[in-house]
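Please read the structure below before turning to the comments.
Since every read-out is calculated from the coordinates, none of them should be taken as a lab result. Please read these numbers as outputs of a predicted model, since none were measured by experiment. We place every Cβ from the backbone using ideal geometry, glycine too, and count neighbours over all the protein chains shown.
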Amino acid sequence: MILILKKNLNEEDIQRIIERVREAGLTPHISKGEERIIIGLIGDSRAKDREYWLNMNGVEDAIRILRPFKLASREFRKKNTVVKVDGIEIGGKGVVVMAGPCSVEGRKQILNIAKIVKDLGAKILRGGAFKPRTSPYSFRGLGREGLLYLKEAKEKFGLPIVTEAMSIEQLDLVAEYADIIQIGARNMQNFSLLEAVGKIEKPVLLKRGMSAKIEEFLLAAEYILSNGNRDVILCERGIRTFETYTRNTLDISAIPLLKSITHLPVIVDPSHATGKRELVTPVSLASIAAGADGLLIEVHPEPEKALSDGLQSLYPHQFKELMRKGKVISEAIGRSIL
Ligand code: PEP
Ligand code: MN
């Protein structure tokens with residue numbers, strides 16, 4: 001249930017309503033819009049019917065949200081959520097490109113690629129310091145050292161950082177350096193990690209699990225939102241199907257679908273979705289055309305030497321081409337590449 005409060009209520013009236021919500025055994029989730037205050041009732045609100053809330057002084061309307069995800073739903077918030085990172089708006093008019101290597105491999109590598117992607121128009125730098133790898137024998141990231149190099153790249157080139165936290169133990173450290181904390185596909189249903197990141201005041205980039213249904217994806221976002229963090233960016237990165245020619249199968253319909261049933265920004269990761277660098281640009285263009293608010297692209301100065309995901313990493317000249325074509329598609333649909 002969500003309560004829409006009457007306009008111009010004073011603080012005392014609002015507190016009285018919040019008190020009643022708590023008395024009903026529910027947790028209020030307060031959202032202050034430009035005109036109105038909306039209170040989401042978290043918990044099992046079935047015990048009290050709509051009339052109960054409508055009879056309360058100061059409550060203009062009470063709407064039962066039938067979808068299992070509440071705070072993530074369009075019913076809860078009609079306007080798009082715009083996540084702001086150092087003045088960059090994700091979920092606004094522009095398409096935001098986040099680019100960089102799969103993994104931070106060393107100081108020179110990250111500084112080099114940061115300059116390249118910045119000069120070509122990327123707004124946010126990606127790069128993993130803690131890497132979830134299928135094999136324990138693969139390169140698993142530089143950890144803290146990688147975060148320090150990301151920090152240096154940020155300071156030199158003014159690019160905010162998106163980087164992954166794989167566990168609760170890593171969260172404080174990653175949050176110290178990241179402007180956006182990435183929760184990877186393999187952790188999409190790590191509920192305690194979701195709760196922990198929900199308590200942090202940093203935007204979260206939540207990737208769709210490789211076998212997650214849309215509803216499961218949005219319920220994962222709900223874990224973060226219901227713990228107080230409203231800055232969630234959804235990332236479609238392909239799901240596992242019977243097809244083996246691509247690494248995953250990009251669910252392109254997820255983009256307009258998510259945009260219609262949630263208010264959260266939706267970005268696409270064509271690198272992990274396809275696993276093949278020659279597919280990354282066409283799939284990026286399709287994603288922009290389908291309404292993506294941003295792209296997460298793996299680019300490497302020398303992909304053949306990459307310590308992870310080299311086959312899907314773009315050469316700088318390919319990234320340049322992606323940006324050129326992406327601008328054309330963005331403008332064709334009334335947006336711009338930020
Ligand atoms: C990544 O972004 O490098 C990554 C590991 O992605 P995913 O969690 O989508 O596999
Ligand atoms: Mn990768």
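Build a GNM of the chain with springs between Cα atoms under 10 Å apart, and of PHE69, PHE319, PHE242 the one that fluctuates most is PHE242.
All distinct Cα pairs of region 2-63 go into the 1/r average, and the inverse of that average, the Kirkwood radius, is 11.5 Å.
Modelled label positions at SER31 and VAL82, each set 7 Å beyond Cα in the direction of Cβ, lie 1.7 nm from each other. If you take the alpha carbon atoms of region 83-337 and fit the smallest convex hull around them, that volume is 112 Å³ per residue. Can you flag which of LYS123/LYS154; LYS32/LYS154; LYS123/LYS320; LYS118/LYS259; LYS115/LYS276 are past 22 Å Cα-Cα? Correct reply: LYS32/LYS154; LYS118/LYS259; LYS115/LYS276. When both region 116-169 and region 1-23 are represented by their alpha-carbon centers, they are found 43 Å apart. With Cα atoms as the point set, region 1-147 shows a radius of gyration and Dmax of 22.9, 65 Å. Within the same chain, aspartates and glutamates fewer than 8 places from LYS6 are excluded, and of the rest, those with a Cα less than 12 Å from its Cα are GLU35, GLU60, ASP61.
Mind running the shape call on region 95-172? Use the C-alpha gyration tensor, a ≥ b ≥ c as the square roots of the eigenvalues: rounded below 1.5 for a/c, prolate if a/b tops b/c, oblate otherwise. Cα axes put region 95-172 in the prolate bin.
Classify region 34-75 as rounded, prolate or oblate from the Cα gyration tensor: take a ≥ b ≥ c as the square roots of its eigenvalues, call it rounded if a/c is under 1.5, otherwise prolate when a/b beats b/c and oblate if not. Because a/c hits 1.5 or more and a/b fails to exceed b/c, region 34-75 counts as oblate.
Once the Cβ-Cβ distance of LYS6 and LEU173 is raised to the sixth power relative to R0 = 45 Å, the FRET efficiency obtained is 0.50. Pairs of alpha-carbon atoms within less than 8 angstrom and 6+ residues apart define the contacts here; what relative contact order does the chain have, in percent? Contact order relative to length: 17 percent. Near ILE214: Cβ cut-off under 13 Å, other residues only, Lys/Arg at +1 and Asp/Glu at -1. The net charge is -1. Relative to the current alpha-carbon distance between GLU89 and GLU152, full extension at 0.36 nm per residue lengthens the span by 20.4 nm. Once you've got the GNM for the chain with C-alpha springs shorter than 10 Å, pick whichever of GLY43, GLY326, GLY91 has the biggest mean-square fluctuation. Ranking GLY43, GLY326, GLY91 by mean-square fluctuation puts GLY43 first. Placing a pseudo-label 7 Å from each Cα along the Cα-to-Cβ vector at ILE63 and GLU321 gives an inter-label distance of 4.6 nm. Restricting region 272-338 to GluC sites (Glu not before Pro) that sit in a DSSP loop and have at most 14 other Cβ atoms within 10 Å of their own Cβ leaves nothing.
With semi-axes defined as the square roots of five times the eigenvalues of the C-alpha gyration tensor, the equivalent ellipsoid of region 265-338 measures 22, 12, 9 Å, largest first. Translational diffusion coefficient of region 94-140 (Stokes-Einstein, Kirkwood radius from Cα pairs, 4 °C, 1.567 mPa s): 112 µm²/s.
Over all pairs of different C-alpha atoms, region 216-333 has a mean inverse distance whose reciprocal, the Kirkwood radius, equals 15.0 Å.
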